[in-house]
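Throughout, read-outs are computed from the coordinates displayed, never taken from laboratory work. Note that the structure is predicted; figures quoted are calculated from it, not measured. Here the Cβ positions follow ideal geometry from the backbone for every residue, glycine too, while neighbour counts run over all protein chains shown.
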Amino acid sequence: MIRVSSLAVVPDLPQPGRTLVVGVVNVTPDSFSDGGEWFDLGAAITHGLDLLAEGADIIDVGGESTRPGATRPEVAEELRRVLPVIRELAAAGACVSIDTMRAAVAAPAIAAGARLVNDVSGGKADDRMLHLVAESGVPYVCMHWRGHSEDMQSKASYADVVTEVIAELGQQLDEAFSAGVAADKLIIDPGFGFAKTGEHNWHLLQRLEEFDVIGRPMLAGVSRKAFLGGLLADSEGSPRPAKQRDDATTALTTVLALQGVWGVRVHSVRAGRDAIAVAQRLLEK
Ligand code: PMM
């Protein structure tokens, strides 16, 4: 089996000796994957606690939807959404990640207890982000990104998606190093669905081992994404609705765990843990 830099360990984060499960809590009215189900703060906190009980290693809390075409909330609104949720989940003992592209959100989130910054723009949306991450010393998910959601799909053009994503991600990592982020704190993410067509996502998955040249652990966010909806479209060509893509997500999680990815970002935590347990057992000799 191929290995996607899996043996790397990220300091200050859980180290369970298997692929980590990052559970998603979107405190948004408009995310594609859960359609505003956790927009109410009480519901978001309860959901996060449920994911923790199901075995999430990290809970990723986000207040900005990145669905294609989404408009951005104000900073104050993003903070209103995420800070109470981060505080409660951290107090309950969860390892919390803040999913934001803004330094002005990441800094208070870290103060509220977040231990990981998950930046889908990989430092490109806010030029203060990498300095903030360097100063605070927290681990950082650097995702491949070409532009904001409102027009990202117009940027989904590649001669060879795998080599281009690796090269562009390499440039984003160089920026992070220049800003002073320690190499051992960096986690890479190919950015499935971000400025990528369904075909691009499948090519990335088919050639995932090529990311080993970067030499950093990988987080993969495939859960409920549109390319799975397209794969499972009905006979009239209508995509499978987002919440009915969990079984396909779990199938892919098994494959990703067999390949040794560091972490998977998923909505259905129990299913993700089960898939990883199966993969883990198969890898034992
Ligand atoms: N995808 C979404 C949001 N945040 N973060 C990382 N690191 N990787 C992803 O692929 C990613 C992300 C969008 O999906 P959602 O609506 O399920 O949160």
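Hey, could you get me the Stokes-Einstein D for the range 195-285, Kirkwood radius over alpha-carbon pairs, 37 °C and 0.692 mPa s, rounded to whole µm² s⁻¹? Please list the in-between numbers first.
On the way: Rh = 13.9 Å.
In µm²/s, the coefficient is 236.
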Against the 2.2 N^0.38 Å scaling, with N counting residues, where does the range 139-220 land? I'd like the Cα-based Rg ratio to two decimal places. 1.06
So how much slack lies between Ser238 and Val278, counting 0.36 nm per residue of separation and subtracting their Cα-Cα distance, in nm? 11.2 nm
In the range 185-239, what is the volume of the convex hull around the alpha carbon atoms, normalised per residue and reported in Å³? 80 Å³
Which value results for Rg/Rh of the range 40-139 when Rg is the Cα radius of gyration and Rh the Kirkwood radius based on the inverse mean 1/r? 0.95
Per residue, the convex hull enclosing the Cα atoms of the range 1-95 spans a volume in Å³ of 135 Å³
Just want the answer: with Cβ charges of +1 for Lys and Arg and -1 for Asp and Glu, which residue in Gly62, Leu219, Val261 is farthest toward the dipole's positive end in the chain? Val261
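Would you work out the Kirkwood radius for the range 82-198? I mean one over the mean of 1/r across all pairs of different Cα atoms, in Å.
Values: mean 1/r = 0.0682 Å⁻¹.
Result for the range 82-198 stands at 14.7 Å.
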√(5λ) per eigenvalue of the Cα gyration tensor, the range 131-285, largest first, Å: 26, 21, 14
Please work out the C-alpha center-to-center distance from the range 261-282 to the range 175-195 and express it in whole Å. 23 Å
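Assigning unit charges at the beta carbon (Lys, Arg +1; Asp, Glu -1) and nothing else, what dipole magnitude in debye, to the nearest 20, does the range 20-283 show about its Cα centre?
That gives the range 20-283 a dipole magnitude of about 300 debye.
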Cα-based Rg of the chain normalised by 2.2 N^0.38 Å, two decimals: 0.92
